[in-house]
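As structure tokens, the structure follows; a few thoughts come after it.
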Amino acid sequence: QVQLVESGGGLVQPGGSLRLSCAASGKNFNTYDMYWYYEAPGKQRDWVAYITSGGDTNYKDSVKGRFAISRDKSKNTVSLQMNSLKSEDTGVYYCHSGWWWGQGTQVTVSS
């Protein structure tokens with residue numbers, strides 16, 4: 001059984017911060033690239049950040065400088081630190097690797 005389980009979502013005010021975590025189990029993902037996707041209301045799911053097995057990172061321009069992806073291979077986890085949050089960041093965030101997906105965690109940015 002392979003699982004990716006996200007946590008850390010919630011309601012935050014504009015300009016605030018959240019840290020999302022993804023815990024993997026049933027498989028060692030240390031040789032896999034890890035992605036964070038998000039799905040805004042009424043829009044197609046798309047990636048926002050990824051980190052390779054070697055630790056290289058990349059971000060969509062809309063989140064560059066505000067979000068940071070990291071991984072802890074000893075714990076088989078990946079995180080997404082989200083700072084200076086905006087209303088347009090609102091949506092469901094998913095952890096993804098290979099052909100596995102997490103269940104998603106809701107992030108709502110609103111005053």
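The values are calculated or read from the model by the stated rules, or taken from the named source; none is laboratory data. All figures in this text were calculated on a predicted structure; none of them were measured in a lab. Positions of Cβ are backbone-derived with ideal geometry, glycine not excepted, and every protein chain shown enters the neighbour counts. When the accessible area is computed, the model is the full protein with side chains, heavy atoms only, and any ligands, DNA or RNA have been set aside. Shrake-Rupley method; radii C 1.70, N 1.55, O 1.52, S 1.80 Å.
Points worth noting:
- Based on C-alpha pairs under 8 angstrom that are at least 6 apart in sequence, the chain has a relative contact order of 38 percent.
- Only lysines eight or more places from LYS64 in sequence, or on another chain, were considered; those with a Cα closer than 28 Å are LYS43, LYS73, LYS75, LYS86.
- When the chain is treated as a GNM with alpha-carbon contacts under 10 Å, the residue of THR77, THR90, THR31 showing the greatest mean-square fluctuation is THR31.
- Using θ = phi - 60° in the Karplus curve 6.51 cos²θ - 1.76 cosθ + 1.60, the 3J(HN,Hα) couplings for segment 13-20 round to 7, x, x, x, 9, 9, 10, 8 Hz; x is entered for Gly and Pro.
- Label-point separation in nm, LYS75 to ASP33, each point 7 Å along Cα→Cβ: 2.5
- For segment 47-111, the per residue solvent-accessible surface stands at 48 Å², with DNA, RNA and ligands left out and a 1.4 Å probe.
- Taking other residues whose beta carbon is less than 12 angstrom from the beta carbon of THR77, and scoring Lys, Arg as +1 and Asp, Glu as -1, yields +2.
- Label-to-label distance, nm, for residues given as VAL2 and SER62 (7 Å Cα→Cβ offset): 2.8
- The chain - percent of accessible surface contributed by carbon and sulfur, probe 1.4 Å: 45
- Positive-end ranking of CYS22, TYR93, TYR38 along the dipole of the chain, with charges on Cβ about the Cα centre, is headed by CYS22.
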